[in-house]
Every structure is written in C-alpha cells, then in structure tokens.
Amino acid sequence: MKTSIATVTISGTLTEKLQAIAAAGFDGVEIFENDFLAFDGSPREVGRMVRDAGLQITLFQPFRDFEGMPEPQRSRTFDRAERKFDIMQELGTDLMLVCSNVSPLSLGGIDRAAEDFRDLGDRAAKRGLRVGYEALAWGRHISDHRDAWEIVRRADHPSIGLILDSFHTLARKIDVASIRAIPKDKIFIVQLADAPLIGMDLLHWSRHYRNMPGQGDLPVVDFMRAVAATGYDGPLSLEIFNDQFRGGSPKAIAIDGKRSLVALMDRVRREEPGTRIAVPEIPDRIRSDGVEFIEFAANEHEAAELGTLFRSFGFARAAKHRSKDVTLWRQGEINLLINTEREGFAHSAYLMHGAGVCAVGLRVEDAGATVARARALGAEPFEQAVGPGELKIPAIRGVGGGVMHFIDTKSDLGRLWEIDFEPVKDDTGTADAGLTAIDHVAQTMNYEEMLTWILFYTSIFATHKTPMVDIVDPAGLVRSQVIENADGSLRLTLNGAENHRTLAGRFIAESFGSAVQHLAFSSSDIFKTVAAMKRNGFTPLTISQNYYDDIEARFGLGPDLLDALRAHNILYDRDAEGEYFQLYSPNYGEGFFFEVVQRRKYNGYGAPNAPFRIAAQKRGIRPKDRVEI
Ligand code: MG
Ligand code: MG
C-alpha cells in the first residue's frame, strides 16, 4: 500500500511538513504549487528535499482551467502547461493534476475536451510525463467523475488518465458503483478525503471542512471498495483542506492521516476481498464491553479526600496493590484506583496535571490483539515495571498522553484483582448506594484536537460516533460528540472547548490538558441511590429552581415526580425511546466532577440539561477562581 498526502493538508513550512509526513510513515507527497512558490529555493531543491526526507512526489497540482478554452486562451493554456511541465521535470515527478475547468470562458462538449487532452497527452508523452484529470464537484461543465472518465476514455491517450477524489464524488452523492467498471490502468491516482455532513455550498465545504477518512460522515469506505474492485493498486493520497489542520500540529495531523488510511484500508480489505492493494493484516476493530477500572493519581492528602468522596458515593475500600501504593475502591462492577506512588507513570502524570484520572482500563476480548491493532494504527505502546509475579497489563498511550490498559478474560488478566491485589477489610460501615457500572467517561480537550480523538477511538475500537451537539456554556460553546459501541456498554463523551472561559476550557487550562473531566455511574434507581448517598454524607450540586418549572411545562411531569426531582436536584430528559435521570456532584479540584445516571431505554446524554448543570457548577466555583463571563 503506497500512501501519500498533499502538502496543503498540514501546517508549517515546507520543511516542517516534509519532516512530519516522513515521520508518520508516508511514501509520498503531492506538491501543491503554492507550497513551493512560498519556498525560497528552486524546484530542483524542493525535489531534493523531498527525496532526502525519504519521500516521492506523487503528483504536482493544481493545473486549472485547461480544457474547452476558446482561442486565444487555448494556446496560452498550452504554453502555461509546458511551463508547468518544466517545473515537474525539475521537481522530479511525472504526474500533473488537471482539475475540471471553472472558467466562465470555457466551452462545454465532451469531444472538445477529449481533443484538448489528446493534444496535451502528446506534449506530456514527449517528456515522459502523465496528466490526470479530476472532476471538481463545482466544475463549470464537468463536475462528475463519470463525465471526466468519458473525456479520458475518448482522449484515448496513454499519457492521459483519470484522478478520482472521494470528496468530489461523495459530496455530489454520485453512485460509487460507476467506478467499478473503470480500467485500473486509467486511474492515475486516488485522492481521499471525508467531510462532516453540513449543508453549505460545495466549494466552501471542500476548501474548509474536509477531514481524514473516518473523521467525517461520507461513505469513504464504499468509495474505496469500488476503487479496489477495479484492481487499482497505485497510491492512496490524502488531499484535505481543513482550517483546523492548517492551524494544528504538523506531526499530529500527519499521524492522523496515516492512521486514517490504515484503518480505511483495513475495512476495505475485509469488505472487498481480493483487493490488489497490499494492506497489512491487522486484528479487526476491537470490541470492548466497558470500563474495567479508572485510575486516579494523587498525593496522600488528596487520596484521603478522594476516599472520603468515594465513600459518600457508596464505594468501599476493597483491596490494595501487592507492591505499589495503589488502593482499589469498589461498588457493583465499578473499580476505582487511587495511585499515590512517588515514581512511575502515575506520579509523573500527577506532577504534570495534578490530582485526576491518569489511566483507564478497558475490558476487551483480547488485550494483546488490542495493542497490536493500536500500534499498527500508530499508537504508542506503554510499559512499566511490575513486581515479581505481577501481571504485565497490555497498554498504550492515549491521545492526550494518558494511559489505556486492556483487560481480557482469556488470559490471566481476568484475575488481575486477585493476582496484583490483596483484599482489605473495610469496616467503616459505608452503605452501598446501588451504583452498578460506569455509564460513561467524559473527556475534555481543545476543540481543535477533537477529530484526532475521534479517529483514535473509532479506528481502534468497534465503536461509532454520534452527531456533534453544541453545549452552551455561558462563556462560549463546547462541542460534544459521543463515541459508543452498539450495545452501549462502552460510552465515551468528548467535549471540545473553544475557549478557556468555559467550564471545560478552564479545566483544560488548570489541569494542563488532563483529559477525563467527569465520570458517570449508573444506577437502576436513582432516588434510592441519592438517598443512600446523602446518608453517606454526599451533597449534590444545587440546580436552579427555575429549571424545574421549565421541565414541568416542557414534559408535563406529574407533581410527585417533579417534587422528587426538585428535592434531590435530579435533572430529567426524555427522548423518543425513554427517560433519563441525572444527578451531579459539585466540582472537585480543578473542575472534575461525578455524575449518577439512570437510563430508562434512553440513549442520549442529557445534552439539553448541560447549560443548567454548567451554570450551577459555575456558581459553585470559589470566588477567587470565578471565571469572568
Ligand atoms: Mg482532489
Ligand atoms: Mg455526562
């Protein structure tokens, strides 16, 4: 599998771009004319730089407004092409991308265009060059790959071929089955991009909102299956125009790009057997049926505070680690660890971020296969020293630097709590509050990083993303997107903060990027749970009384239910399928909090309630820390 990426996709100087692209493991780059015009050096030097970075130039682009021009523009266009051919030869690439003409001067007609390409093909052939024709979704006469193919077919010249671009085909909802009949030798290169489904004009959508395959909503897998069915085995090239990418880290965006291609082709290999593209065989997307544990890093003093807090939720101290300062707190299927080690990963996470979640353990079918897939997708493995007889838990680094451990039941890992831990007796008389499992883990990040996280989770795990929703914080928008598996046993909510004045943004700033901001526990009877928690000393977040007047009117709730909700500060939501109850803790530390939820066939996350919860939390921030709105 030959991978390539257009230089326009990532930010930085040409040198920075090439370094990041090479480091991420790409084979080639598309050189965008502007990238080399801005570079202070000859095309020959650019070509040398690319090759010194271990990359090839897959193509040079774009050559615009070529076909169907009347004279005298037609002759000038051919002169312009000859000058670009000069540059290509100096760069050391043999393929030029011509995109369909958008000029109002251009004339239609398939045969006229075919003739222009036949002439251009003759000129290219003299220099050993090739020309690929791409239908822009907003081309004046040609905006469909089927028409572009007809022109290439009629040009009937060995130096003239077709360039397919998933964005242009999928944005216009053109049937991808039409690709299957194109002879593979006439497809000179395939460009790949995804995009979120948003209603806007095609040009603006394409120039600003494209993203990596798997990050958007377009059926890029179906497109690529159709390409694979032709027998095409040439380069797969990412061509992404995205404002966030152009402002992001070149290294991170390049890694995302490579990850998106590996994940895409893994799907294609499975769904379109017989593809000629040599795709590495890696384990399939990993099924997880939930969170096995959450690990907090803290100092001794904070550990004692966390312990008191856990008790108020009905957790009891269940075990301690055999060789490390790690305590296990348990209720139902929920395992919470507090790590107060003075060395190792948890300690460095503590020094960097302060007290908070430093690691997550996921239950998976096969922990070894999970690490193998994650590594094939560019994730960093994680290892740490273990005591004699203790388990080496397979793990990787998450996007934000946190650690993800994987626990399966097919190996000794299934006996983690017996092997690495020894039970302790908790005789403080804490009453279990009926919390059964972790409903969701909410991670907070800068908005610009959200696509990276989404791709990370959805490419490694058998999960899907739900549409993005906007959460209104009085100080700005927070974008929220959910990653979940089919049966809802694994639910991650990602919150992208656009500024540091929102509660989410403040959390990122205060904890220097620490990611898990809240944990939601499930209860099968939230009213019983809250009563038990209150007996354990828990004080819920106080919700505004106006909220209850509003939901009474909105949902037509009976007086008994409404009184019970109001009495316990429980929030309520309803969708077509069912009902949702939410109870929040106040903020702790830098803005971490807990939530208790009860689902009655409801599948969302109570987004309509978020502004009221955020307002209540902001009222609770100590005056000296209060964020100016
Ligand atoms: Mg393109
Ligand atoms: Mg939540």
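Would you compute, from DSSP H runs of 4+ residues alone, the mean residue ellipticity of the chain at 222 nm, taking -39500 (n - 2.57) per run and dividing by the full residue count, rounded to the nearest 500?
Estimated from H runs of four or more residues: -10500 deg cm²/dmol.
Using a basic spin-label model with each label point 7 Å from the Cα along Cα→Cβ, how many nm lie between Met352 and Ala304?
Modelled inter-label distance: 2.9 nm.
How many percent of DSSP beta bridges within region 288-423 run antiparallel, rounded to 5?
Antiparallel bridges make up about 75 percent of those DSSP assigns within region 288-423.
With r defined as the distance between the Cβ atoms of Asp289 and Arg172 and R0 fixed at 60 Å, what FRET efficiency is calculated, to the nearest 0.05?
FRET efficiency, Asp289 to Arg172: 0.90.
At what distance in angstrom do the alpha carbon centres of region 421-464 and region 140-207 lie from each other?
42
Rounded to the nearest 0.05, what FRET efficiency is calculated for Thr436 and Asp147 with R0 set to 60 Å and r the Cβ-Cβ distance?
Taking R0 as 60 Å, the efficiency between Thr436 and Asp147 is 0.55.
State the antiparallel share, in %, of DSSP beta bridges confined to the chain, rounding to the nearest 5.
55
Can you list the HN-Hα couplings for region 523-540, worked out from phi with the Karplus curve (6.51, -1.76, 1.60; θ = phi - 60°), rounded to whole Hz and with x for Gly and Pro?
Values per residue, Gly and Pro as x: 10, 8, 8, 5, 5, 5, 4, 5, 5, 5, 5, 5, 5, 7, x, 7, 10, x Hz.
Please give the peptides 589-599, 3-13 ranked by average Cβ packing (other Cβ atoms within 10 Å per residue), highest first, as a rough proxy for protection.
Going by the mean number of other Cβ atoms within 10 Å, highest first, we get 3-13, 589-599.
Mind ordering 199-206, 280-287 by average Cβ neighbours within 10 Å, highest first?
Those peptides, ordered most packed to least, come out 280-287, 199-206.
Starting from the Cα gyration tensor of the chain, multiply each eigenvalue by 5, take the square root, and state the resulting semi-axes largest first in whole Å.
After scaling each eigenvalue by five and taking roots: 53, 27, 21 Å.
Give me the distance between the Cα centres of region 504-583 and region 299-342, rounded to whole Å.
Comparing the Cα centres of region 504-583 and region 299-342, I get a distance of 24 Å.
Report the gain in length on full extension from Asn546 to Lys534: 0.36 nm times residue separation, minus Cα-Cα distance, nm rounded to one decimal.
Stretched out fully, the Asn546 to Lys534 stretch lengthens by 2.0 nm.
Tell me, in nm to one decimal, what length is gained between Lys601 and Leu105 on full extension, where the rule is 0.36 nm per residue of separation less the Cα-Cα distance?
This chain segment gains 172.6 nm when fully extended.
Where the centre of each part is set by its Cα atoms, how far does region 391-417 sit from region 1-34, in angstrom?
Using only Cα atoms, the two centres lie 34 Å from each other.
Quick one: if the Förster radius is 60 Å, what FRET efficiency do Leu391 and Ile198 give, using the C-beta to C-beta distance and rounding to 0.05?
With R0 = 60 Å, the Cβ-Cβ based efficiency is 0.85.
Please give every one of the lysines within straight-line cross-link reach of Lys17, meaning a C-alpha to C-alpha distance under 19 Å, and leave out same-chain neighbours fewer than 8 residues apart.
Once the sequence-local lysines are set aside, what remains near Lys17 is Lys2, Lys251, Lys258.
Taking 7 Å along the Cα-to-C-beta vector as the label spot, tell me the Arg246-Glu577 distance in nanometres, rounded to one decimal.
Modelled inter-label distance: 4.0 nm.
Using a simple spin-label model with points 7 Å from Cα along the Cα→Cβ vector, what separation in nm is obtained for Arg566 and Asp217?
Taking the two extended label points, one gets 3.9 nm.
Can you run phi through the Karplus equation (6.51, -1.76, 1.60; θ = phi - 60°) for region 41-53 and list ³J(HN,Hα) in whole Hz, with x for Gly and Pro?
3J(HN,Hα) across region 41-53, in whole Hz: x, 6, x, 4, 5, 4, x, 5, 4, 4, 5, 5, 7.
Where a number appears in this text, it was derived from the coordinates with a stated rule and is not lab data. Every value quoted in this text rests on a predicted model; they were computed, and no experiment measured them. As a convention, Cβ positions derive from the backbone with ideal geometry for all residues, glycine included, and neighbour counts pool all protein chains shown.
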